[in-house]
Amino acid sequence: MNPNLSKLHPYPFEKLRILKQGFTPPSSLSPILMSIGEPKHPTPEIIKQGILDNLPGLAQYPLTRGSDELRSAIANWLNKRFKLCSMPINADSQILPVNGTREALFAITQCLVDPSENTNPLVCVPNPFYQIYEGAALLSGAQAYYLNTTADNGFIPDYNLEPKVWQQCQILFTCSPGNPSGAVMNLHHYKHLIDLSHKYNFVLIGDECYSEIYRDEQNPPLGLLEACEKLGNHDYKNCLVFHSLSKRSNAPGLRSGFVAGDSRLINHFQLFRTYHGCAMSPPVQNASKLAWSDENHVIENRKLYREKFDLMSSILIQSINCEIPQGSFYLWLETPISDTQFCEQLYAKQNITALPGSYLSREVNGINPGQNRIRLALVSANSEIEQAARRLKTFIDTEQFML
């Protein structure tokens, strides 16, 4: 048995299931689930039809590198979305389709970490974080090095670390827009990290699965490859980005995404994945090609999320500090009591399930940056979002919580 399995933490939703045990919410109130970031908007018809149109492809073994048509559609989208003009992404050497970013983020860590390189290889992760980063690091034989994100630093980690940390760092994960805060990295942040990655030779991984959900239609979030373009890193040395159709196109069950960037790293990852046995099925490739080629459904998707945020904010504004994030579909709310207590009582009294922030983070230097915060996923229909907002307001006002 892999001894590193014993190092894994329970997943946040397993902790939440245990937290809710022993509480019976009012039967008169329908349950509202806001703990899981699973999109609820309808999956676009072009994706459904794209699968149906390629069912004969099930009779073929797919290539690990995907079809030329899919990689070309992804390259066209990347080059247009992130204005990659000086050195456009090469569809043949700088892109690999993946079965959702979750499996690929895990796999790239197993591919890149060299536990023999030094006595303590590090994988740097934002804290709070997507738990796959941590699990992937531990199972690769590395240690996760947590970088706190708090309101004081704008929910972007302080990357001014001691040289020893950078010398041991093999991978650094960024998530922009962030999960759970929705904070967006700027060019200064990326320049600092790209310079460090070149100096200390670690891989910079941009988890950009929320990049297409943002507040300002005229100001999309900056991406890692776009930063490379602006800074003259035209071969994207040491840089990889991961994108998914789950949030962008409301297709979490499609399990479709891609990794793009440094061709040297892509080449190694393709070799790894050839043995991994994770090629994307032809019908999913066809549907994905169509999804990456269409922006109309993505624009409509953003509009729907803006409506949810505006609705929630308009109801809660007098009761709680409800700051709308730059990106993603989460509210990262501060709580007047412990986050676990708040979630217990909210469930027991209003039948709303929220996720305690401390379940998404680890204590570092005496600080748990998720403590006294909850994550609410605004993914349901507007009618349910409105109902959730009114119940949350009633709960806060009745308990006389003042923030």
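Is it true that some residue in segment 55-65 is basic (Lys, Arg) and either part of a helix (DSSP H, G or I) or closer than 25 Å to ALA354 by Cβ (or both)? Give the derivation first.
If we filter segment 55-65 for residues that are basic (Lys, Arg), which is where we start, we get 65.
Going one step further and asking which of them are either part of a helix (DSSP H, G or I) or closer than 25 Å to ALA354 by Cβ (or both), we end up with none.
No - not one qualifying residue is present in segment 55-65.
Tell me which residues, restricted to segment 248-279, are in contact with a Pro (Cβ under 7 Å, 6 or more places away or on another chain), more than 25 Å from TYR236 (Cα to Cα) and surrounded by 20 or more Cβ atoms within 10 Å (Cβ to Cβ).
SER249, ASN250
It is to be established whether one or more residues within segment 96-108 are buried (at least 17 other Cβ atoms within 10 Å of the Cβ) and part of a loop (DSSP other than H, G, I, E, B).
yes
Residues checked against (1) within 23 Å of GLY22 (Cβ to Cβ); (2) not small (Gly, Ala, Ser); (3) not in a helix (DSSP H, G or I):
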residue	(1), (2), (3)
GLN371	yes, yes, yes
LEU376	yes, yes, yes
VAL379	no, yes, yes
ARG391	yes, yes, no
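Please find, among ASN250, ASN267, the residue that is in contact (Cβ under 8 Å) with a residue 60 or more places away in the chain, in a helix (DSSP H, G or I) and over 30 Å from ASN160 (Cβ atoms).
Details: ASN250 fails: in a helix (DSSP H, G or I).
From the options ASN250, ASN267, the qualifying one is ASN267.
In the list TYR145, TYR210, which residue meets the criterion of being in a strand (DSSP E or B), of a type in the set (Ser, Thr, Tyr), touching a helix residue (DSSP H, G or I) at 6+ places or on another chain (Cβ under 8 Å) and closer than 30 Å to ILE36 by Cα?
When all the criteria are applied, what remains is TYR145.
So ALA142 fits all but one of (1) within 16 Å of the chain's Cα centre (by Cα); (2) buried (at least 21 other Cβ atoms within 10 Å of the Cβ); what number is the exception?
(1)
Residue by residue through segment 319-350, note down the ones that are surrounded by fewer than 19 Cβ atoms within 10 Å (Cβ to Cβ) and without any contact (Cβ under 8 Å) to a residue 24 or more places away in the chain.
Selection gives GLU323, GLN341.
Looking at SER358, is it in contact with a strand residue (DSSP E or B) (Cβ under 9 Å, 6 or more places away or on another chain), outside any strand (DSSP E or B) and of a type in the set (S, T, N, Q)?
In short, yes.
Would you mention how many residues in segment 163-193 are part of a helix (DSSP H, G or I), of a type outside the set (A, V, I, L, M, F, W, C) and surrounded by fewer than 24 Cβ atoms within 10 Å (Cβ to Cβ)?
Counting residues in segment 163-193 that are part of a helix (DSSP H, G or I), of a type outside the set (A, V, I, L, M, F, W, C) and surrounded by fewer than 24 Cβ atoms within 10 Å (Cβ to Cβ) gives 8.
In the set VAL284, VAL298, which member is within 17 Å of HIS243 (Cα to Cα) and within 20 Å of the chain's Cα centre (by Cα)?
After applying the criteria, what remains is VAL298.
Could we say that LEU122 is closer than 25 Å to PRO12 by Cα, touching a Lys or Arg at 6+ places or on another chain (Cβ under 6 Å) and in contact (Cβ under 8 Å) with a residue 24 or more places away in the chain here?
no
Please state which one of ILE46, ILE89 is in a helix (DSSP H, G or I), in contact with a Leu (Cβ under 7 Å, 6 or more places away or on another chain) and surrounded by 14 or more Cβ atoms within 10 Å (Cβ to Cβ).
ILE46
Every number in this text was worked out from the coordinates using simple rules, so none of it is lab data. Here the structure is a predicted model, which means the values were calculated and not measured. Don't worry about glycine lacking a Cβ; one is built from the backbone with ideal geometry, like all the others, and counts go over all protein chains shown.
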